[in-house]
Amino acid sequence: MERFHYWSFFLAPGLLLTSSLAYLFFGNGMNNGVIGGFIQCAAMFMFIFPMISITSFINQKLPILSVVFRVLLVFGCLMGFLFGIDSVLNATQPDAYSLLEMDHRMYVFMMTFGPIWPVFLGITGIVVGVNKLVRPLQAVLLALAGFSFPLGRIPDIAVLYLITDLLLIVSFALVANSIYDQRKPTA
């Protein structure tokens with residue numbers, strides 16, 4: 001299981017980049033495509049596993065904070081999953097309502113809780129940096145990846161999607177290696 005968690009640090013952001021590319025090449029633009037939406041759903045599901053690993057890692061120094069972060073980060077992944085479903089609905093039912101148009105409460109719900117994942121991912125980067133759980137560059141990259149995530153998605157700027165996705169790939173790879181290097185028993 002530990003090996004699966006390790007590889008999820010690479011698979012999840014890789015799938016997210018793949019979904020962005022699918023939106024661009026096979027969809028009707030960002031957040032509007034069947035293939036991109038399904039891949040985004042898979043990516044956000046896969047992000048749950050690195051979130052569990054990171055919060056387990058934080059637990060060694062900050063047990064209460066790690067539980068709060070785990071709940072918020074996993075909930076944020078589920079919100080990203082909903083946005084993927086909304087993308088599929090936008091593409092398959094252009095004349096129907098999407099999740100964001102169905103009811104004002106759903107719109108408020110998704111727009112209020114949608115940013116939880118990137119915001120708390122950014123805060124996680126700060127927390128692991130301040131507490132010296134990972135190297136400073138890794139912490140900065142993780143925080144940057146989290147905080148930059150909505151910058152392309154909210155105003156729908158495709159190049160920022162791709163830059164953020166690449167930043168997620170790099171930061172998650174570095175953090176994964178740092179976490180799992182520290183977990184190895186020393187001889």
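Nothing in this text is a laboratory measurement; each read-out follows from the coordinates by a stated rule. All of these numbers come straight from a predicted model, not from anything done at the bench. Neighbour counts are summed over all protein chains in view; Cβ atoms, including those assigned to glycine, are modelled from backbone coordinates with ideal geometry.
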In Å, the Kirkwood hydrodynamic radius from C-alpha pairs for the range 2-183 sits at 16.3
For T92 and I157, extending 7 Å from Cα along the Cα-Cβ vector and measuring point to point gives, in nm, a value of 3.3
Nearest-0.05 FRET efficiency for Q182 and I85 at R0 = 41 Å, using Cβ-Cβ distance, is 0.65
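As a check on your grasp of the helix formula, calculate [θ] at 222 nm for the chain: sum -39500 (n - 2.57) over DSSP H runs of n ≥ 4, divide by the residue count, round to the nearest 500.
Numbers: 8 runs with 153 residues, N = 187.
It lands at -28000 deg cm²/dmol.
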Relative contact order as a percentage, the range 2-183, C-alpha pairs under 8 Å and 6+ apart, gives 23
Longest principal axis of the chain (C-alpha) makes with the long axis of helix 2-26 (C-alpha) an angle, in degrees to the nearest 10, of 30
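Determine the gain in length on full extension of the stretch S56-R135; use 0.36 nm per residue of separation and subtract their C-alpha separation, reporting nm with one decimal. Mind dumping the intermediate values first?
Working: separation 79, 0.36 × 79 = 28.44 nm, distance 1.74 nm.
Fully extending the segment from S56 to R135 adds 26.7 nm.
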Expected unfolding gain across M110-L166 under the 0.36 nm per residue rule, minus the alpha-carbon gap, is 17.7 nm
Karplus-derived 3J(HN,Hα) from phi for the range 137-148 (6.51 cos²θ - 1.76 cosθ + 1.60, θ = phi - 60°), whole Hz, x at Gly and Pro, runs 4, 5, 5, 5, 5, 5, 4, 4, 4, x, 6, 7
